[in-house]
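Let me begin by presenting the structure, written as structure tokens, before commenting on it.
The values are calculated or read from the model by the stated rules, or taken from the named source; none is laboratory data. On a predicted model such as this, the values are computed, not experimentally measured, just so you know. Because the Cβ atoms are built from the backbone with ideal geometry, glycine has one as well, and the counts that use them run over all protein chains shown. Keep in mind that these areas ignore ligands, DNA and RNA; they rest on the heavy atoms of the full protein, side chains included. Shrake-Rupley method; radii C 1.70, N 1.55, O 1.52, S 1.80 Å.
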Amino acid sequence: MNRRQFCGKSGWMLSAAALPSAIAVPGASAAEAPVTLEADGLSLVDLARELTRQSGVTHRATGKEASQQRVVIFCRDQSAASVRQAVESLLGWTWSESAGAGAKTLTLVKGLNQRKREAALRAQFHADYQGLFRELIERANEGDQERPRDILSNMLVAPSSKALIGGLSSFAAPHLQVLFHGRGFAGPLRSNAPEMRGLLDGVLAAYEQGKPERTVVDAADHVRLELARDATGRPDSLQLSTYRNGQLQLQFNAGHVVQAQVLGRKPGVEPRPLRSPQLLRDRRFQVPLPAQPPLEWPKPPAKEPTQIGWQVRALSRHTPLPLIADCYPEMEVVTIPFNQIRPPSPAPRLSGVSLRKALDRIEEDYFYDWEFRGDWVMLRYRQWYWEPLRQANGKPASGAKR
């Protein structure tokens with residue numbers, strides 16, 4: 001995968017060669033006491049409280065978004081200013097300083113530029129997604145053409161999925177745009193356009209391959225074709241359903257977007273960071289991590305770790321470097337089960353593995369990118385910009401804990 005430098009107005013990652021040896025810190029003060037944090041799924045509101053308690057300087061983060069945005073952070077004897085800058089660099093939020101009655105207050109806010117950046121990345125996702133979708137339609141109609149097996153062809157292995165996606169080739173461009181924009185098509189089969197009836201016939205024929213029985217769809221049955229969306233509003237899968245007297249009869253899904261994310265074809269993702277030769281030669285990232293006793297999954301009534309928090313906690317026992325990651329428990333319920341064992345998870349095997357190798361594993365298994373900035377190891381979920389919409393919609397994934 002190409003790793004391009006990503007910086008400027010929409011990026012949080014820079015090559016190490018472009019970074020100063022230490023990052024500038026807002027509101028730095030010699031009067032602040034150092035802080036030590038071991039936190040998994042900590043809200044920004046609670047992080048500000050903990051910084052206040054340990055540093056002796058008032059920190060604030062208020063509002064619904066600050067209570068919903070969570071981080072994983074493990075650090076020892078860091079200045080509060082260094083923690084503030086790590087949070088700012090990772091999340092794109094900013095600290096502002098005010099003074100009153102002889103004491104300063106540091107307030108963490110999500111600014112307009114960050115909101116614009118989120119919206120721009122979602123728009124880019126939609127554009128990239130449409131390109132992926134159209135490529136899938138072309139692949140599904142290639143017939144028996146020989147092609148090396150890749151991610152897209154894997155999504156078309158199921159005959160009904162191939163028929164469902166390939167059948168869209170008969171749709172006029174304006175109709176595909178309607179589908180892309182989430183409006184879909186619905187109505188009795190008898191009143192649907194020929195392209196919809198042809199699509200349903202093709203999917204049923206693929207579904208019935210090798211089956212002795214035949215599926216009957218009456219002319220009065222309702223048919224619905226749509227791009228189902230997840231709790232963030234992100235397109236999730238192409239869905240064809242039939243209903244009789246208001247009851248669901250058949251439903252076919254082609255979960256191309258989630259599969260693309262899991263398998264490595266990731267629409268709308270920020271370009272991965274370019275890592276400088278200096279960073280890649282840094283001994284802290286190359287030498288084997290020291291051995292440690294296995295990390296034990298906590299038992300009730302202790303709080304269950306998040307999946308990314310479990311990985312970062314384990315890593316913190318093997319390296320003195322401070323670590324920070326954004327954290328979305330509701331997202332983990334939906335995404336992680338594709339290739340991870342559900343809790344209780346086994347302890348990551350890190351002894352004898354280099355720090356770079358351990359971080360690369362997290363990248364591939366948990367859909368995060370890592371970067372090293374100002375002596376902090378930072379991990380950022382690749383599609384973080386969708387998560388504020390999940391929080392705003394108030395729709396946690398099924399099974400997610402409040």
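Tell me, which residue of region 315-346 that is assigned to a helix (DSSP H, G or I) and of a type in the set (S, T, Y) is modelled with the lowest pLDDT?
Here the residue is T335.
Yes or no, residue by residue, for (1) at pLDDT 90 or above; (2) closer than 16 Å to V72 by Cα:
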residue: P348; (1), (2): no, no
residue: S351; (1), (2): no, no
residue: R361; (1), (2): yes, no
residue: D369; (1), (2): yes, yes
residue: M378; (1), (2): yes, yes
residue: Q383; (1), (2): no, no
residue: Q391; (1), (2): no, no
residue: P396; (1), (2): no, no
residue: K401; (1), (2): no, no
| Pairs under 6 Å by beta carbon, first residue hydroxyl-bearing (S, T, Y) in region 381-402, partner at pLDDT 90 or above and open to solvent by 10 Å² or more (accessible area, probe 1.4 Å), six or more apart or different chains? | Y385/E118; Y385/L121; Y385/R122
| said: Six or more apart or on different chains, Cβ atoms under 6 Å: show the pairs whose first residue is in region 186-198 and more than 9 Å from V223 (Cα to Cα) and whose second is part of a loop (DSSP other than H, G, I, E, B) and open to solvent by less than 40 Å² (accessible area, probe 1.4 Å). | reply: E195/F171
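Restricting to region 246-273, count the residues that are modelled with pLDDT under 85 and open to solvent by 70 Å² or more (accessible area, probe 1.4 Å). So that I can check it myself, show each step before the final result.
If we filter region 246-273 for residues that are modelled with pLDDT under 85, which is where we start, we get 255-273.
Those still in the list that are open to solvent by 70 Å² or more (accessible area, probe 1.4 Å) too: 263, 265.
Residues in region 246-273 being modelled with pLDDT under 85 and open to solvent by 70 Å² or more (accessible area, probe 1.4 Å): 2 in total.
Listed here are the residues, each with its yes/no results for (1) farther than 30 Å from P329 by Cβ; (2) without any contact (Cβ under 8 Å) to a residue 12 or more places away in the chain.
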residue: D201; (1), (2): yes, yes
residue: P212; (1), (2): yes, yes
residue: A220; (1), (2): yes, no
residue: L225; (1), (2): yes, no
residue: R234; (1), (2): no, no
| note | Scanning region 58-88 residue by residue, the ones that are small (G, A, S), out of contact with any His (no Cβ under 9 Å at 6 or more places or on another chain) and without any contact (Cβ under 8 Å) to a residue 60 or more places away in the chain total 6
| message | Going residue by residue through region 61-68, is there one that turns out to be farther than 14 Å from D326 by Cα and of a type in the set (V, I, T)? | response | yes
| message | So, in region 273-314, exactly how many residues are in a helix (DSSP H, G or I) and of a type in the set (V, I, T)? | response | 2
| request: Please indicate, with yes or no, whether at least one residue in region 32-40 is at pLDDT 95 or above, open to solvent by 30 Å² or more (accessible area, probe 1.4 Å) and under 22 Å from Y368 (Cβ atoms). | output: yes
| Any pair with Cβ under 7 angstrom, 6 or more apart, that starts in region 111-125 at a residue that is under 9 Å from Y385 (Cα atoms) and ends at one that is modelled with pLDDT of 90 or more | R117/G92; E118/Y385; E118/P388; L121/Y385; R122/Y385; R122/W386
| request: Residues that are aliphatic (A, V, I, L, M) and surrounded by 14 or more Cβ atoms within 10 Å (Cβ to Cβ): find the strands (runs of 3 or more DSSP E) completely inside region 66-128 holding 2 or more of those. | output: 70-78, 103-109
